[in-house]
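The values are calculated or read from the model by the stated rules, or taken from the named source; none is laboratory data. Here the structure is a predicted model, which means the values were calculated and not measured. We place every Cβ from the backbone using ideal geometry, glycine too, and count neighbours over all the protein chains shown. Remember, those area values only see protein heavy atoms, side chains included, never the ligands or the DNA or RNA. Shrake-Rupley method; radii C 1.70, N 1.55, O 1.52, S 1.80 Å.
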Amino acid sequence: MKLLYLTIVLAPLLAAVIAGLFGKVVGRAGAHTVTIFGVAVACGLSCYVLLQQVGGAAVFNESLYTWMVVDGVRMEIGFLVDPLTALMMVVVTFVSLMVHIYTIGYMHDDPGYQRFFSYISLFTFAMLMLVMSNNFLQLFFGWEAVGVVSYLLIGFWYTKPTAIFANMKAFLVNRVGDFGFLLGIATVLYFTGSLDYATVFLQADNIAAQSLEIIPGSAWSAMSDSCSGLPRFCILPAVSITPRCSCRPIISRRSHWKLSPAVPGRRCRWPAFCCLSVPWVSRRRCRCMSGCPTRWKARHRYRH
């Protein structure tokens, strides 16, 4: 099973490396072929794993590689695959596969065609590392990898000042979230002496009986059901849940929500999202800043 899980994770990574580093060699067709094939393999194997888990297969929880051991704390790379994890693996790989297929037409005339396919395939790898992790260290690695690829996707058209401003803004905001995430992981390690999920969850009752004194004379319970027990280390990682997506709505100067294509020269990244967000959407031939022949355009008038 180790080989199976490694194949699921490494197939998108290998495809991203080929499309990114050898994009000029394989060409446009080669870039989308290799990345779609890699994600399709991961999706097919993930479906197989889900069927096995639904059928009553044993939960897989093993470490594959030990990075280092510091004062008895093992920092490892491993997988925890149970029915919930298998379901998330299918969701991640299937959605990614659909995005890859859609991108063939969406990015058809863009000069960064191979680079975009490399990014979204790398994003799939990062998501799989996140959902399949069996320890908090690997969870943090997967989360940071998702953030890095999101940064690259937000600033994909790096020649536009708006794209540079957007990805820098996302980078700075995500650093605030990462700080909360690290605080949560550090507190977990402080109370349990381990970063492994199974070990930490087994000590939940012991953690609930302990207290943490951050301000002298004011002790807080490490885990509490009441708001008076805050801060609880278990909610610190939730602070880091900030939007990490390559297509975000922007706020106009008049405090109205609108899509990026409402600004001349920009393109709507997701037609379905446009249909849900503006009164009506029309498709027409145009020439935008990147020279694409066909794009979705949204029109919306704001009244006061």
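Surrounded by 17 or more Cβ atoms within 10 Å (Cβ to Cβ) and either under 23 Å from Pro83 (Cα atoms) or within 20 Å of the chain's Cα centre (by Cα) (or both), is that true of Ala15? Judged against the criteria, Ala15 is a match. Scanning segment 114-130 for residues that are touching a residue at least 40 places away in the same chain (Cβ under 8 Å), aliphatic (A, V, I, L, M) and open to solvent by 30 Å² or more (accessible area, probe 1.4 Å) gives a single hit, Leu122.
Let's see how each residue does on (1) closer than 29 Å to Ile18 by Cα; (2) in a helix (DSSP H, G or I); (3) small (Gly, Ala, Ser):
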position	(1), (2), (3)
Val99	yes, yes, no
Gln114	yes, yes, no
Phe123	yes, yes, no
Leu139	yes, yes, no
Arg175	no, yes, no
Phe181	no, yes, no
Gly184	no, yes, yes
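Any chance segment 41-63 includes a residue that's in a helix (DSSP H, G or I) and touching an Asp or Glu at 6+ places or on another chain (Cβ under 7 Å)? Taking every residue of segment 41-63 in turn, at least one turns out to be in a helix (DSSP H, G or I) and touching an Asp or Glu at 6+ places or on another chain (Cβ under 7 Å).
Per-residue answers, yes or no, for (1) β-branched (Val, Ile, Thr); (2) open to solvent by less than 50 Å² (accessible area, probe 1.4 Å):
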site	(1), (2)
Phe22	no, no
Val49	yes, yes
Val54	yes, no
Tyr65	no, no
Val70	yes, no
Met88	no, no
Met98	no, no
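Can you confirm whether His108 is out of contact with any Asp or Glu (no Cβ under 8 Å at 6 or more places or on another chain), part of a loop (DSSP other than H, G, I, E, B) and touching a residue at least 40 places away in the same chain (Cβ under 8 Å)? Yes: the conditions hold for His108. Note on segment 66-89: residues that are at pLDDT below 90 and aromatic (Phe, Trp, Tyr) total 1.
If you take the residues in segment 176-207 that are open to solvent by 80 Å² or more (accessible area, probe 1.4 Å) and closer than 23 Å to Leu137 by Cβ, which one is modelled with the lowest pLDDT? Walk me through it before giving the result.
Within segment 176-207, the first condition is being open to solvent by 80 Å² or more (accessible area, probe 1.4 Å), and the residues that meet it are 176, 179, 182, 190, 201-202, 205-206.
If we keep only those that are closer than 23 Å to Leu137 by Cβ as well, we get 176, 179, 182, 190, 201-202, 206.
Details: Val176: 83, Phe179: 86, Leu182: 88, Tyr190: 84, Phe201: 86, Leu202: 85, Asn206: 76.
Restricting to residues being open to solvent by 80 Å² or more (accessible area, probe 1.4 Å) and closer than 23 Å to Leu137 by Cβ, the top hit is Asn206.
Residues are listed down the side, and each one gets a yes or a no for (1) in a helix (DSSP H, G or I); (2) in contact with a Phe, Trp or Tyr (Cβ under 8 Å, 6 or more places away or on another chain); (3) under 24 Å from Val200 (Cβ atoms):
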residue	(1), (2), (3)
Leu10	yes, yes, no
Leu14	yes, no, no
Ile18	yes, no, no
Thr33	yes, no, no
Gly38	yes, no, no
Tyr65	no, no, yes
Leu84	yes, no, yes
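Quick one: what pairs do we get from segment 64-92, first residue on the phi > 0 side of the Ramachandran plot, second open to solvent by less than 80 Å² (accessible area, probe 1.4 Å), C-beta under 8 Å, 6+ apart or different chains? From segment 64-92, the pairs are Gly72/Gly193.
Within segment 138-170, restricting attention to residues that are open to solvent by 50 Å² or more (accessible area, probe 1.4 Å) and within 30 Å of Ala86 (Cα to Cα), the residue that is nearest to the chain's Cα centre (by Cα) is Val148.
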